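The values are calculated or read from the model by the stated rules, or taken from the named source; none is laboratory data. Everything quoted here is computed from the prediction, not taken from an experiment. When we count neighbours, we look across all protein chains shown, and the Cβ atoms used for this are built from the backbone with ideal geometry, even at glycine. The accessibility values were calculated without ligands, DNA or RNA, using every heavy atom of the protein model including side chains. Shrake-Rupley method; radii C 1.70, N 1.55, O 1.52, S 1.80 Å.
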Amino acid sequence: QVQLVESGGGSVQAGGSLRLSCAASGRTFKHYAMGWFRRSPGKEREFEGVIGGDNRKAYYREDVKGRFTISRDWANETVYLDINSLKPEDTAIYYCAVGPLPGRQEALFGYWGQGTQVTVAS
């Protein structure tokens, strides 16, 4: 049974940093892309970034470049999202997802985690 489990969410002050983790289990995803999405209050879920499986490159939504960093531990099937200089508008449920290609569309990702809540206080 495939599972993606996010962790690391919580309440933080604006300006702080946070590391989210997503551990995959049930099968290997070494050749798959692993991405991060978020759903802010009152908004649709949107793409934040993705890291490829084979090319190992990371791609980000333009607005978060420089503050969001995605990394990956291939041996442990875990992907990380480091967020710096947190802003109140980063408050959201953050989801990790796995798919065959490092794209931005949700439809490319067949496996999803349950999400982890991040709340940024001003």
statement: Of those in region 53-75 that are out of contact with any strand residue (DSSP E or B) (no Cβ under 7 Å at 6 or more places or on another chain) and not charged (D, E, K, R), the residue least open to solvent (accessible area, probe 1.4 Å) is Trp74
- prompt: Which of the residues belonging to region 76-122 are among the hydrophobic types (A, V, I, L, M, F, W, C), open to solvent by 40 Å² or more (accessible area, probe 1.4 Å) and either free of Cβ contacts under 8 Å to residues at least 12 places away in the same chain or in contact with a Gly (Cβ under 9 Å, 6 or more places away or on another chain) (or both)?
  reply: Ile93, Leu101, Ala107, Leu108
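The rows are residues; the columns are (1) aliphatic (A, V, I, L, M); (2) assigned to a strand (DSSP E or B); (3) within 11 Å of the chain's Cα centre (by Cα).
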| residue | (1), (2), (3) |
| --- | --- |
| Gly16 | no, no, no |
| Leu20 | yes, yes, yes |
| Thr28 | no, no, no |
| Gly42 | no, no, no |
| Val50 | yes, yes, yes |
| Gly53 | no, no, no |
| Asp82 | no, yes, yes |
- prompt: Is region 16-38 home to any residue that is free of Cβ contacts under 8 Å to residues at least 40 places away in the same chain and under 18 Å from Val118 (Cβ atoms)?
  reply: no
